[in-house]
Amino acid sequence: MTDDPHDRPAAAPPPGATAGLRRARRRDRRVYLFSHPVLFALLAATRRTPVRKLGGTLLVHSQEAFRSGLTRIPLDRTAAGTTGGAAGDLTGGGDLLFNQDGDHHRGARRGLADALSAEGVERLRPIWTAVLERRLAPLATGDPIELVDVTAELAGTTAAALLDIDVDPRTLATAARAAAAAAAREHLPGPPRPGARRAARTATARLTALLTGTDSGTGTVSGTGTVSGPGTVSGPDGKTVPDDGAALAAMLAVAAINTTVAALPRAAAWCADAGLWPYADSDPEALTAELLRITAPTPLLPRVAAAPGTLAGCPVRPGDRLILVARHAVGAHRTDPCPAEPAPAHVTQLVFGAGPHACPGARLARLQLTDALRYLARHRPRVVAARVDRRSALPGWSHLTLAPTR
């Protein structure tokens, strides 16, 4: 037995739905098996143990240990191979939202939380719904759509509006995805990959230059939760904390775009294969919560311990690497999505982290996915072609073609 409260059989699916759920899970597994097969085979082999220690690495699978790893173990937020370490690479070691501690970290998070408040997200909502109206229109005339391309434009448009920059959204999305993929390849376990560091820095420089409209990667990016100049981050209340404006904008663009492009097409494929489209009208919030749980867009959170502790009885030493497996913590590998009987909110929330390490963009991500599924559900589309993205930072599709149900 594990210590997961959600370790229970899924609710009985409606008659005739079992085959669809099997088809949906079989398709979705491909994004893991084709992208990082060795890594995910290792995680699958160890997932029955809440925490498995291999040398200086702890594989953290259970819900309780996952939450403790984020809230009870002091973390080294600048260590190589972590999100904070990647953030530091953008500024040559400077402080960012993802690697700050103390007042800087709390201040930057408050500024971003204000920008992504309920009011802030509602201001952005017409921007992405306009993209949905225009790009999904072919379904109404019986024509197929390429959903990954639609999602990239939607994510790029939203990120550009959030940062208040005038840039082609698809170009921004391409640059953000390339930067994330290059950074992920650099930080994969194993021996150093020739040219990985150079490729990551080149991709990051291209993204930063695009965001700032300069060749040097310095300048001003302003908008809701304004990032101004290098040096400060200003929230709507006018308070500032030290930071690098261009690099913070790059990290926000990378996070927002890559998670959206990973999650939305996978969620749509689940709806199409498992016949979940009716829930987009009858219980959209439950559908969104379950699909975010089952897809776990960021399935692994790499962290490094800064102080000793224990996880599920396993000792943690300073410098130990923690691989927090969000996919297993929320039971995505074990239970199918069931909007009629969704997992508790304290479980589904874990895909966005926990405590001070919770993602401030959770509200935006949920509402954006809910709207996209509602628009798609008008046509009850089916999947006609799918190809795994083998180079992306997060498991997902490079192409997902949908056509309206005849």
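Hey, fewest Cβ within 10 Å first, where do ILE73, ILE145, ILE127, ILE257 land in order? Kindly include the intermediate steps, with their values, before the conclusion.
Numbers: ILE73 23, ILE145 20, ILE127 15, ILE257 28.
By the 10 Å Cβ count, ascending, the order reads ILE127, ILE145, ILE73, ILE257.
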In nm, the gap between the two label points placed 7 Å beyond Cα toward Cβ at ARG406 and GLU119 is 5.2
How big is the gap, in Å, between the Cα center of segment 112-160 and the Cα center of segment 16-40?
-> 26
Extension gain, ALA385 back to ILE127 (0.36 nm per residue minus Cα-Cα distance, nm) | 90.1 nm
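If r is the Cβ-Cβ distance from ALA140 to THR71 and R0 is 60 Å, what FRET efficiency results, to the nearest 0.05?
On the way: r = 47 Å, r/R0 = 0.78.
So the FRET efficiency works out to roughly 0.80.
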Out of residues 5 or more away from ASP320 or on other chains, whose amide H comes under 5 Å of its own, with H placed 1.01 Å from N in the peptide plane?
-> ALA305
Could you please rank LEU162, LEU211, LEU33, LEU367, placing first whichever residue has the fewest other Cβ atoms within 10 Å of its Cβ?
-> LEU33, LEU367, LEU162, LEU211
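None of the figures in this text is laboratory data; all of them are computed from the coordinates on show. Every value quoted in this text rests on a predicted model; they were computed, and no experiment measured them. Counting neighbours? That spans all protein chains shown, and the Cβs are built from the backbone with ideal geometry, glycine included.
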